[in-house]
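Reading through the structure tokens given below for one structure.
Just so it is clear, none of the values below were taken in a lab; they were calculated from the coordinates. Note that the structure is a prediction, hence the values are computed from the model and not measured. So basically every Cβ, Gly included, is an ideal-geometry build from the backbone, and we count neighbours across all protein chains shown.
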Number of protein chains: 2
Amino acid sequence: MRSLTVCAALDPEELRRLADILQTVRVEANQTLFSEGDGADALYNVTAGTVKLYKLLPDGRRQITGFLVTGDFLGLAVNESYAYTAETVTTATLCRFPRKKIDALMDEFPKMQRRLFSMASNELAAAQDQMLLLGRKTAKEKICSFLLMLSQRAARRGHKENPVYVPMSRADIADYLGLTTETVSRTFTQLKTAGVISLQEGNKVLISDMDAIYDMAEGC
Amino acid sequence: MRSLTVCAALDPEELRRLADILQTVRVEANQTLFSEGDGADALYNVTAGTVKLYKLLPDGRRQITGFLVTGDFLGLAVNESYAYTAETVTTATLCRFPRKKIDALMDEFPKMQRRLFSMASNELAAAQDQMLLLGRKTAKEKICSFLLMLSQRAARRGHKENPVYVPMSRADIADYLGLTTETVSRTFTQLKTAGVISLQEGNKVLISDMDAIYDMAEGC
DNA sequence: CGAGCGATTGAACGCTCTCAAAGTGAGTGG
DNA sequence: CCACTCACTTTGAGAGCGTTCAATCGCTCG
């Protein structure tokens, strides 16, 4: 569901109008798309690569609120400003929709608005899952949930679910799960030693014991 | 913004149609409105009282994902099922909108859909703030952020921002902030001892040093 | 081959949790 | 009016998980 694009379920007429207003942008890895507090002048749709969203505390502590892949959108804003910073994890391509034009289009095509609403609802559900993870899960449960999420997301997008491609750094994973890089690294080592995963070339993680990962993700 | 109702910004015709389909329900404190996994057959709007939403892990660990007050809506669903349990904190009254009818109405009145989308966007922003809190803040920062949130929410709804009415139990606060009841209690005591808050009759917290609370909420 | 960055490993600390007990207050019934 | 219960809160002591600080490893790139 997360993986469907905004453009799905539109008829040709609507798609053509959408194509008229979008710009396609390609961004190298580790580049900032926009920063927390910037004027929110556009909505984006990821068409390739991975993007991370994060918020900072004054002293530099960071919380990554999501990793976005193909089909995910970003740029929803409150008070005309972005509430988070968006940065590429890998080289990425995105569709950029100027906000004014998309607003006008939403008025014209309720179907599109409905689609966007449905995506926001899904994001909200994902956010609640993440709160449960951050507030109540142990380090091992967090890592297992994370791997499972990546695996399921890949499957939904038609890729093979195992091994899982993990393009983000230990520091990014830590800031997503509310841990430190050391704890992330140690937990990976534990899972490796326990024989439930193994690390492969090219930032891939092979899940050898999917059932064990499932159980450990929820503390069973 | 959270405090505006779905019904705001509708014209009389739309309001009348909305009134036709809503049922008003009154629910005592500590009652379950619906449970995680239940078929999502209705959308609710809180008109009085406080409601909490939570998710559980198999072993009983609980994460409260939000406390809802007048104007907040609940019942957004994915896959036709509620993704969380909803329970009253205080006696509450709610407007109940059967899902089928609200869906039909949304198609008819794009303005309403837009309103709902905007509310979901705000919820999403709040969820991201909460992730930052859960993942990266200390116990003291969490408690201060919590009190500040309640204060600001009261102010937005036209109530006085200080003292803050805190109707939920220590256990609920703990499950909202990813702490234990003991830590919540100890942190309140610390803040009391430091002279920045004092507890009053009727579950109210007087913030004596608002600046200190602001600073402590973000670790300054 | 050396520099530099990220990942891993080690050791010790500390924040929060766990377990336990005492305190508080509202409600009940004698 | 008072004892009693029960649920919630507060406080205490000790333990543990994850952090902090530090060193080493391994890979990539110039």
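When the residues of region B:75-101 are filtered to those that are buried (at least 21 other Cβ atoms within 10 Å of the Cβ) and hydrophobic (A, V, I, L, M, F, W, C), which remaining residue is farthest from the chain's Cα centre (by Cα)? Per the criteria, the residue is B:97.
Count, please, the residues in region B:138-197 that happen to be in a helix (DSSP H, G or I) and either of a type in the set (D, E, K, R) or more than 10 Å from DNA strand D (Cβ to nearest atom) (or both).
Step one: list which residues in region B:138-197 are in a helix (DSSP H, G or I), which gives B:139-156, B:170-177, B:181-193.
Retained after the next criterion (residues that are either of a type in the set (D, E, K, R) or more than 10 Å from DNA strand D (Cβ to nearest atom) (or both)): B:139-156, B:170, B:172, B:175-177, B:182, B:186, B:191-192.
Of the residues in that region, 27 qualify.
Taking region A:117-133 on its own, how many of its residues are within 7 Å of chain B (Cβ to nearest Cβ) and closer than 20 Å to residue B:103 by Cα? Even if it seems obvious, please write down each step before you answer.
Of region A:117-133, the ones within 7 Å of chain B (Cβ to nearest Cβ) are A:117, A:120-125, A:127-128, A:130-132.
With closer than 20 Å to residue B:103 by Cα added as a condition, the list becomes A:117, A:120-125.
Counting residues in region A:117-133 that are within 7 Å of chain B (Cβ to nearest Cβ) and closer than 20 Å to residue B:103 by Cα gives 7.
Among the residues of region B:198-215, the one identified as more than 16 Å from DNA strand C (Cβ to nearest atom), in a loop (DSSP other than H, G, I, E, B) and exposed (fewer than 15 other Cβ atoms within 10 Å of the Cβ) is B:209. The residues listed here are A:62, A:136, A:114, A:96; of these, the one that is more than 10 Å from chain B (Cβ to nearest Cβ) and among the basic types (Lys, Arg) is A:96. Residue count for region A:72-87, restricted to those that are farther than 16 Å from residue A:124 by Cα and in contact (Cβ under 8 Å) with a residue 12 or more places away in the chain: 6.
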